[in-house]
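Step one of this worksheet: look at the structure below.
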Amino acid sequence: MSTRPQRGLPSASARRLAKGLGWFSIGLGLSELLAPRAIANIAGVSNTRTGLIRLYGLREIASGIGIFAQKDPSQAMWSRVAGDVLDLTSLSVACTSPDAKRGRITLATANVLAVTALDVICAKQLSNGNQGIHAKGTCIVNRPLEEVYNFWRNFQNLPRFMKHLESVEDLGDGRSHWVAKGPGGMKVEWDAKIVAEVPGEVITWRSLENSDVDNAGAVRFEQAAGGRGTIVKVNLEYNPIGGVVGATVAKIFGEEPSQQLDDDLRRFKQVLEVGEVVVSDATLLGTSYFEQRPGRPAAASELQEAESLPSQTTTSYQGQGRSMQR
């Protein structure tokens with residue numbers, strides 16, 4: 001199991017953040033241009049700096065317009081970062097003035113630092129060319145390949161073992177609507193479409209435009225050696241809500257993608273083999289197949305067998321993943 005940055009998905013979350021910052025820039029610029037004395041009073045700086053504040057207002061408006069006018073707003077975002085540095089420098093100089101209101105200047109500086117952090121994060125995401133998070137994992141399920149494939153192919157089954165999914169609705173024609181719990185308990189939704197499928201072998205899907213979370217996935221099914229169950233290989237890629245911020249918050253709360261996928265595959269194995277999911281405190285979830293009874297964890301020998309598969313199998317799967325990304 002591993003997670004690492006990958007290119008391939010459009011960074012819609014970064015673009016939405018850039019647009020939000022663009023509107024903020026235009027609004028702030030108009031305030032500085034039309035009401036420089038009020039801005040000076042709020043920031044705690046001398047009223048003699050109104051001319052400079054008007055110039056900063058023009059700069060903010062230009063940055064905001066640049067974000068909306070450019071197909072790739074990364075340069076406009078970096079110009080905002082440069083402007084933030086200039087603002088921080090000006091506040092630092094203003095703090096040395098005898099008539100400075102240092103409490104207000106400190107508060108203004110904190111606000112500018114917060115905005116600067118967002119500007120830097122957004123600019124980096126846009127400049128990195130649609131950077132996302134990539135997670136992959138493998139498990140062996142002691143059930144026939146056809147049964148394992150059909151269970152996964154019915155996407156409405158996914159919330160039974162994917163902890164962060166609330167529901168998946170089949171919309172027909174390979175399209176589905178997904179509802180999931182995001183970082184901090186927020187709800188995120190998106191529509192997805194199957195982009196490639198080989199019955200009994202592989203399913204690939206990806207989210208459609210204007211999704212809360214850009215994501216794509218591929219799952220491959222192979223007969224284990226000696227007919228001992230089915231090997232399931234999963235490859236996921238997505239741009240989380242808030243981009244880098246969302247991914248960092250998720251890691252802090254123990255929701256890092258590799259952890260999620262590892263736990264999801266363990267539950268998937270349990271649901272198919274014994275019809276229920278066993279959690280650490282021995283509470284049983286999902287008893288639609290059998291009455292409550294202990295589930296059998298994945299045997300170490302099974303996982304070792306999966307890791308010892310011929311390299312060409314892995315190469316084939318990675319190739320399918322690259323096809324999915326295209």
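Out of the total accessible area of region 38-104 (probe 1.4 Å, heavy atoms of protein only), what percent is carbon and sulfur?
In region 38-104, the share of accessible area belonging to carbon and sulfur is 65 percent.
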Where the Cα atoms of region 77-128 are projected onto their three principal axes, how long is each span, largest first, in whole Å?
-> 44, 15, 8
With every protein chain left in place, what is the accessible area per residue of region 68-203 in square angstrom, probe 1.4 Å?
-> 51
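Determine the alpha carbon to alpha carbon distance for each of Lys187/Lys269; Lys19/Lys187; Lys71/Lys136; Lys19/Lys233; Lys19/Lys101; Lys163/Lys193 and list only those over 29 Å. Walk me through the numbers before you get to the answer.
Working: Lys187/Lys269 26 Å; Lys19/Lys187 22 Å; Lys71/Lys136 32 Å; Lys19/Lys233 37 Å; Lys19/Lys101 33 Å; Lys163/Lys193 21 Å.
Checking Cα-Cα distances, Lys71/Lys136; Lys19/Lys233; Lys19/Lys101 exceed 29 Å.
The values are calculated or read from the model by the stated rules, or taken from the named source; none is laboratory data. Computed from a predicted structure; not experimentally measured. Ligands, DNA and RNA are excluded from the accessible area calculation, which covers all protein heavy atoms including side chains. Shrake-Rupley method; radii C 1.70, N 1.55, O 1.52, S 1.80 Å.
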